[in-house]
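What follows is one structure encoded as structure tokens, with my remarks underneath.
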Amino acid sequence: MTMSKLARIASIALILTAATASQALAHAHLKTSSPAEKASVVSPGELDLTFTEELDLKFSGVKLTDLGKKDIELGEAGLKDDGKVLTVPVSATLAPGDYTVDWHVLSTDGHKTSGSYTFTVKP
Ligand SMILES: [Cu+2]
């Protein structure tokens with residue numbers, strides 16, 4: 001095998017490694033949300049979660065619970081802004097108190113991520 005062939009194989013291997021590494025970083029991470037984490041707000045009409053990647057709506061969802069772990073009824077989730085924003089209508093007026101948003105999403109690269117954050121509805 002010639003030296004230049006070896007060098008070519010080595011550079012291809014390097015490119016493949018770099019491609020794999022950047023794909024691993026491409027999971028959908030929560031970038032911002034409305035209401036924002038730890039924010040104190042009036043009862044929101046919807047929850048907006050902005051992710052770093054495009055989402056697959058079928059396998060993405062949000063659960064909202066109050067301090068007593070009671071589920072709050074939510075409307076049907078949808079996507080907007082290039083599929084990176086998961087938006088969920090909140091039909092009820094939320095009583096003052098702390099709420100937890102539990103989210104799970106599947107990004108279009110096939111990776112699942114999940115997390116949670118809280119916000120407060122002020123009196
Ligand atoms: Cu990923």
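The values are calculated or read from the model by the stated rules, or taken from the named source; none is laboratory data. Because the structure is a prediction, the values reported are computed rather than measured. Backbone-built Cβ (ideal geometry, glycine too); neighbour counts: all protein chains shown. Note: areas computed on protein heavy atoms with side chains; ligands, DNA, RNA excluded. Shrake-Rupley method; radii C 1.70, N 1.55, O 1.52, S 1.80 Å.
Worth pointing out:
- Accessible-area value, F59, 1.4 Å probe, nucleic acids and ligands omitted, Å²: 110 Å²
- Near S116: Cβ cut-off under 10 Å, other residues only, Lys/Arg at +1 and Asp/Glu at -1. The net charge is -1.
- Each residue of region 83-100 was assigned a 3J(HN,Hα) from its phi angle through the Karplus curve 6.51 cos²θ - 1.76 cosθ + 1.60 (θ = phi - 60°); the sequence is x, 9, 10, 8, 10, 10, x, 10, 7, 7, 7, 7, 5, x, x, 8, 10, 10 Hz, with glycine and proline shown as x.
- Gyration tensor (alpha-carbon) shape descriptor, region 27-121, a/c threshold 1.5: prolate
- Residues of type lysines that K112 reaches as a straight line, Cα spacing below 27 Å, ignoring anything fewer than 8 places off in the same chain: K31, K38, K58, K63, K69, K70, K80, K84
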